Structures are given as C-alpha cells and as structure tokens.
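Enquirer: Take a look at the following structure, please.
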Amino acid sequence: MDVSYDCELNLSTDFEPTSFKEAAFYDEWKEAMKKEYDALIKNGTWKLVDPPLGTKLIGCKWVYKNRYKADGSLDKHKSRLVEKCFAQKEGVDYEETFAPTTKWATI
C-alpha cells in the first residue's frame, strides 16, 4: 500500500493564503497580486528604487482576502501589498503620514 501525503491540495474557493509562499501555488491569487501591482504602478503610488545609503529598510508583505457578494457567493480574490509599519519610528523613518481612504463613488 502506497500512502504518501507530502502535499495537501486545497480546492476550496474560500481559501485565504497567509503567506506569499502559499499564494504562489494558486493562479487566482497570482492574478490578484498582479492586478494590485499593476494598479500601484498605474496610479504612481509605488515604485522600486535603490535606498539611500545608511537607511534601514522597512519590509512589506502581501495580505489576501476573499470578497463576497451580498448573497454570500464569492465575488473575487483581493490582495494588498502593505508595509510593515510596526517597524517604523516617528521622526526617524517618517515625519508625517497621509492615507486617503475615500472612494470617488462615496463623494
């Protein structure tokens, strides 16, 4: 009898990865990350640059959430690239913060 359980396949559409390593196995999560990255580049809110010498880098991570319709069915897979802001110190890593959260539809 050959019993091998090296890899467990999660076929549930409600699955939410907790790390990039997990998300990288699923096409729907890779597509969600691509959409988020493309939106950041298109809107000019993020770009990859070389850090100034002597600075401490602040990392980032992907956060994954499922979005549901009013009837409870799955609408889409959503990913966000977020900074690990808990590592920042006011006056050292930043002077002020600005985070607009209003959507045009809300106005």
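Enquirer: Under 22 Å between alpha carbons, and skipping anything fewer than 8 positions from residue 84 in its own chain: which lysines qualify?
Expert: 21, 30, 34, 35, 47, 56, 61, 65
Enquirer: So, in nm, how far is label residue 68 from label residue 20 when the simple model puts each one 7 Å beyond its Cα toward the Cβ?
Expert: 3.0 nm
Enquirer: Could you compute the FRET efficiency for residue 101 and residue 58, with r as their C-beta to C-beta distance and R0 at 22 Å, rounded to 0.05?
Expert: Computed FRET efficiency for residue 101 and residue 58 comes out at 0.60.
Readers should treat all values here as calculations from the given coordinates under stated rules, not as data from a laboratory. Bear in mind that the values here come from a model prediction, so they are computed numbers and not experimental data. As a convention, Cβ positions derive from the backbone with ideal geometry for all residues, glycine included, and neighbour counts pool all protein chains shown.
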